[in-house]
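Q: Structure incoming, see below.
The values are calculated or read from the model by the stated rules, or taken from the named source; none is laboratory data. Computed from a predicted model, the values in this text were never measured in an experiment. When we count neighbours, we look across all protein chains shown, and the Cβ atoms used for this are built from the backbone with ideal geometry, even at glycine.
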Amino acid sequence: MQYLGIDFQVKNMPELDPGFIPMGPWMKAYLAHASKPISIAVERDNGKITVRHGKIYGTPEMAQADYRFVERYVKFLLWSIGGFRVYILGAGEIARRLAKEFVYFENGEGQNGKRWFDVQFMSDVFEKGFEIIDCEEASDFPAENDASVSVGGHMEGCRIGFDAGGSDRKVSAVIDGKTVYSEEVVWHPKTQTTPQYHYEEIVKAFQTAASKMPRVDGIGVSSAGVFIGNAPMVSSLFIKVPREKEVRKLVHTVFDRAAAAIGDGTVPIVVANDGDVTALAGAMGLGATAVMGIAMGTSEAVGYVDRKGNVLGWFNELAFAPVDLSEQAMMDEWSYDIGVGCKYFSQDAVIKLAPAAGIELEEALTPAEKLKVVQELMEADDPRAIKIYESIGCYLAHTMELYSMFYDVEHMIVLGRVMSGKGGDTILAVCKRIMAEEYPDLAVKMKVMLPDEKTRRVGQAVAAASLP
């Protein structure tokens, strides 16, 4: 296979998507002969800076490949780590071109760049203007200032674990690692226009769990969204809440304020993205570290626990990170980018591949209903459905090579609605076969698995309870 002048070998291609250009093997082939040093740094909250060093070709004939490599690399860093400022050293022309693409004018005062969605999202999260800086001298490039966050795995004492779902909220009272009480209550956070509703419901859950224990030593929260500290900066739970500054302050402090209403008001609380808490639950169940979890559902949700057993505090929003370099890849309707993870590792992937498999899905059906139709065909061993799941398994195998370039992973837990039933078994089997054939070293290092009873034994709320 060849792409932008780079030859690389891929033996297994998704039958239903022959135009797929896996980003991982292409990047490795690109780097094999690149020689001009380049450094990229991403800055996020509280002065945290992540630095990556690499190489480009730096020649006129490889200019297109150089730009594609750096642009996709920066894109992946932004959605895996998160950040509002990108520093580039050793590729001035590329940095200046990127600066023109990563532009967003909120009130339409100017022309938005191609990557305006990324800019808008990062600006909203960090509440700072986004910028890409061309560092002309090494002295202009920042030093690394990054460290994982040591949270989770603390089971001693009396703890509250809260799982803030979009349709129900779950809370557990945990004493020395044993759940003594748990409840699941339906709530409606996505329809509320005031954060007071969320606050009152969260406090009610905390108080209920607290009443089942002699004291509360800590509170851990698992919630969908992007967090800076305990503040939900972007979260679907508050989708209807107005964006006025004073109202957003109430959103940002909702969990801290709720914790202050418990006991003497000094109970420590830690809030984490639900993807990270899922990975933490898997790590605790496995008794292992270097664990990544990928949930294939409405979208692609990812969490990661590093080799020290810590959460990094990264975005891990790989639904928006690129995996396919094909210019004909399907566009994501939200980010307006093509070839990003949500179209390969979610129900959208199943729906996308259905026409190529010869399966017609009624337009009136919801995405979840369309997935169910294909799942029923799969359970009946329909060869068309089998091809869909085999293609997703192929996507997954090649993408493991890509993810391994950005994350140190030994245990990859794959879950979610798409992975249920025979479809999940097929995805897993194909992924393992291709990894063994094309990435044997990675196949030895990384164990890809469905969550078994051992990894399921630590629930989301219990894992959340271990955070503080």
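Q: Could you go through region 13-36 and let me know if any residue there is under 19 Å from Phe117 (Cα atoms) and touching an Asp or Glu at 6+ places or on another chain (Cβ under 8 Å).
A: Checking region 13-36: not a single residue is under 19 Å from Phe117 (Cα atoms) and touching an Asp or Glu at 6+ places or on another chain (Cβ under 8 Å).
Q: Something else: When you go through Asp256, Asp264, Asp276, Asp306 one by one, which is the residue that is more than 21 Å from Gln120 (Cα to Cα), of a type in the set (D, E, K, R) and in contact with a strand residue (DSSP E or B) (Cβ under 6 Å, 6 or more places away or on another chain)?
A: Matching residue, one of Asp256, Asp264, Asp276, Asp306: Asp276.
Conditions (1) outside the structural domain of Cys431 (by TED's automatic domain parsing); (2) within 29 Å of Ile434 (Cα to Cα); (3) touching a residue at least 24 places away in the same chain (Cβ under 8 Å); (4) out of contact with any Lys or Arg (no Cβ under 6 Å at 6 or more places or on another chain), marked per residue:
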{"residue": "Asp7", "(1), (2), (3), (4)": "yes, yes, no, yes"}
{"residue": "Met13", "(1), (2), (3), (4)": "yes, yes, yes, yes"}
{"residue": "Gly19", "(1), (2), (3), (4)": "yes, yes, yes, yes"}
{"residue": "Arg44", "(1), (2), (3), (4)": "yes, no, yes, yes"}
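Q: What are the residue pairs meeting all of these: first residue in region 376-393, first residue assigned by TED's automatic domain parsing to the domain that holds Cys431 and crowded, with 16+ Cβ neighbours inside 10 Å, second residue in a helix (DSSP H, G or I) and of a type in the set (S, T, N, Q), Cβ atoms under 8 Å, and 6 or more apart or on different chains?
A: Met378/Thr426; Ala385/Gln375; Ile386/Thr426; Tyr389/Thr426; Glu390/Thr426; Gly393/Thr426
So that you can scan it fast, the table gives a plain yes or no per residue for (1) within 26 Å of Phe315 (Cα to Cα); (2) at pLDDT 95 or above:
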site	(1), (2)
Lys28	yes, yes
Ala41	yes, yes
Asp45	yes, no
Val51	yes, yes
Met62	no, yes
Ala95	yes, yes
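Q: Looking at region 206-220, is at least one residue surrounded by 15 or more Cβ atoms within 10 Å (Cβ to Cβ), under 22 Å from Arg159 (Cβ atoms), in contact with a Leu (Cβ under 7 Å, 6 or more places away or on another chain) and touching a residue at least 60 places away in the same chain (Cβ under 8 Å)?
A: Yes, there is a match, as at least one residue in region 206-220 is surrounded by 15 or more Cβ atoms within 10 Å (Cβ to Cβ), under 22 Å from Arg159 (Cβ atoms), in contact with a Leu (Cβ under 7 Å, 6 or more places away or on another chain) and touching a residue at least 60 places away in the same chain (Cβ under 8 Å).
Q: Regarding region 158-167, can at least one residue be identified that is more than 26 Å from the chain's Cα centre (by Cα) and either crowded, with 19+ Cβ neighbours inside 10 Å or under 20 Å from Asn230 (Cβ atoms) (or both)?
A: The answer is yes; a qualifying residue exists.
Residues are listed down the side, and each one gets a yes or a no for (1) surrounded by 19 or more Cβ atoms within 10 Å (Cβ to Cβ); (2) assigned to a helix (DSSP H, G or I); (3) of a type in the set (A, V, I, L, M, F, W, C); (4) more than 26 Å from the chain's Cα centre (by Cα):
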site: Lys11; (1), (2), (3), (4): no, no, no, yes
site: Met27; (1), (2), (3), (4): yes, yes, yes, no
site: Val51; (1), (2), (3), (4): no, no, yes, no
site: Ala65; (1), (2), (3), (4): yes, yes, yes, yes
site: Phe76; (1), (2), (3), (4): yes, yes, yes, no
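Q: Can you find a residue in region 129-141 that is of a type in the set (Ser, Thr, Tyr), outside any helix (DSSP H, G or I) and out of contact with any helix residue (DSSP H, G or I) (no Cβ under 7 Å at 6 or more places or on another chain)?
A: No, every residue in region 129-141 fails to be of a type in the set (Ser, Thr, Tyr), outside any helix (DSSP H, G or I) and out of contact with any helix residue (DSSP H, G or I) (no Cβ under 7 Å at 6 or more places or on another chain).
Q: Is it the case that some residue within region 354-370 is modelled with pLDDT of 95 or more and buried (at least 24 other Cβ atoms within 10 Å of the Cβ)?
A: Scanning region 354-370, I find no residue that is modelled with pLDDT of 95 or more and buried (at least 24 other Cβ atoms within 10 Å of the Cβ), so the answer is no.
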